[in-house]
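First comes the structure, then the notes that go with it.
Please treat every number below as a calculation from the coordinates, not as lab data. Worth saying up front: this structure is predicted, and the values here are computed from it rather than measured. All Cβ positions, even for glycine, are placed from backbone atoms using ideal geometry, and neighbour counts span all protein chains on display.
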Amino acid sequence: MARISPLEIWIGTRKGAFVFRTRDRRKWESEGPFFGGQEVHHVAQDRRDPKRLYAAVGNSWFGYHLNASTDGGRTWQVSENGLSMEPGLPGTTIARIWHIAAGAPDEPGVVYLGADPGALFRSNDNGANWEMVEGLTKHPTRPKWTAGAGGMMVHSIQPLGKGRIVVGISAAGAFRSSDSGKTWEPFNGKVLCDFQPEKFPEVGQCVHKLLAHPAKRSDLYQQNHCGVYRAKFTADNWQDITKGLPSRFGFALAVPAAEEQTLFTIPVNSPEQRFVADAKLRVARSRDAGKTWQFLSKGLPQTNAYSLVHREAMSSDDKDPAGVYFGTTGGSVFYTRNGGNSWQALAEQLPPVYSVSTAVHGETKL
C-alpha cells in the first residue's frame, strides 16, 4: 500500500472503497477497491488518532458489518462486538450501517455509529465493544418515526464536545443531547414537513444531512427533504435559508473549516425525479450563512446530468482556500481546491458513489 499522504479522499461505492492521496491537491495517487464487490456506505477517520479508520461494509445477502483499521487502511478487521438490536429492541435486526463518527476531543476512545432501523450505538474503547444508546433509540417519540426511501437511518452524527451531540434521523428529524447521550430531545422547530398533514410537527421531518461547523461547533446547518436550514445548538428553532435555491430538495452538504459562514449544497429537482436540478450539475455556495447563494458550475457538466449526490457523498477539507469533494451515482467524483470557483474530475467510471470523506495526516501546504 502506498505511503499515507497528508490528505486522503475515501470514496465508498456500490462495489468497494477507493482512496485518493495527495500532497498538493494537484497530483493524486489512487488505490482500491477495498472490500471489492461490497457496498461501502461510509468511511470515517478518527482525527484524534489519524491512522484509525472505520468502514460500514456489506450487502443485502450477507449483512452489513463494521470494519476498523489502525494502520491507515492497510489492514481491516471486523469490530462489532455488542453491535446488536438485542436486548434493547428485541425482534429487530440491524438492516444497514449508515454512519460512523469519532467522539469529540474530550471523549477519548468514544465512537458513535448510526444504523437502520433508527438505532444509535456508542463505543468507549475505539470500536472494540458497542452498546445501544437507548435514550435515543428507544425515545418516546419512536412510534411516530417512519422509514425514508433508504430506510429508517441514524446519520449525520455530530459530537460537539462538553457532552453535546446532535444527530439526524430519516424520517424522524434532528435530536440533540447535552448529557453525552443519556437523554434526548427533538430539535425540529420551524422545520417544514410538507409531506405530512401537520406541516411543522415535533418529529417526522426527514433530515438528509446535518453538519456542525468544524471550528464553530455550535453553528449547525442541515439540508432537509424540505429545505436548507441553520441554527445554533441551543436554539428553539431552525431558520429557513432556502430562498435563492432552485429547489428545497437535496441531500449533499459541506461546511468547510476555513470559512466561518460558508456552506455548499447541491439542489435536486424533486423527490419524485431525484436528479440534479434542471439536469445541470451545479454546486450552490453561500458565504453568508445562507442569506445569499451563488451557483458554481465551471468544470461541471451542464447538460444531460441525471445523476444524484447522496447524503454522505460530499465533504470538505480544512485548508484555505477550501477543498470540496463530491461523488455522483454516475460514478464521477469532482473536487475544487479554490473554494468552488472551478471544479475538476478526480475520478470517473467508478461504481455509483455512496460516500466521500476526507482524512488528514499531519501538516502540509495544500
Open item on the list: Among Gly109, Leu136, Gln261, whose Cα projects farthest towards the positive end of the dipole of region 7-360, with charges put on the beta-carbon of Lys, Arg (+1) and Asp, Glu (-1)?
Closed with: Gln261
Task: lysines with Cα under 30 Å of Lys232, excluding same-chain neighbours fewer than 8 positions away - done: Lys138, Lys144, Lys162, Lys182, Lys190, Lys199, Lys209, Lys216, Lys243, Lys291, Lys319
Task: Whole-Å distance, taken between Cα centres, linking region 267-302 and region 83-123 - done: 32
TODO: Alpha carbons only, please: Rg and Dmax for region 19-113, in angstrom.
DONE: 15.1, 51
Task: Karplus (6.51, -1.76, 1.60) ³J(HN,Hα), θ = phi - 60°, over region 41-57, in Hz, Gly and Pro reported as x - done: 8, 6, 10, 10, 8, 8, 5, 6, 9, x, 7, 8, 10, 10, 9, 8, 10
- [ ] Quick one: dipole size for the chain, taken about the Cα centre, charges +1 on Lys/Arg Cβ and -1 on Asp/Glu Cβ, in debye to the nearest 20.
- [x] 860
TODO: For n ≥ 4 DSSP H runs only, could you compute -39500 (n - 2.57) per run for the chain, divide by its residues and tell me the 222 nm figure to the nearest 500?
DONE: 0 deg cm²/dmol
TODO: Provide Rg over Rh for region 100-250; use the alpha carbon set for both Rg and the Kirkwood Rh (inverse mean inverse pair distance).
DONE: 0.95
TODO: Identify the GluC sites (Glu not before Pro) of region 226-321 meeting these criteria: DSSP loop state and at most 14 other C-beta atoms within 10 Å of the C-beta.
DONE: Glu260, Glu272
Task: Karplus (6.51, -1.76, 1.60) ³J(HN,Hα), θ = phi - 60°, over region 314-323, in Hz, Gly and Pro reported as x - done: 9, 8, 9, 9, 10, 8, 10, x, 5, x
TODO: Enumerate the calculated ³J(HN,Hα) couplings along region 84-91 in order (Karplus 6.51 cos²θ - 1.76 cosθ + 1.60, θ = phi - 60°), each rounded to whole Hz, writing x wherever the residue is Gly or Pro.
DONE: 8, 7, 8, x, x, 10, x, x
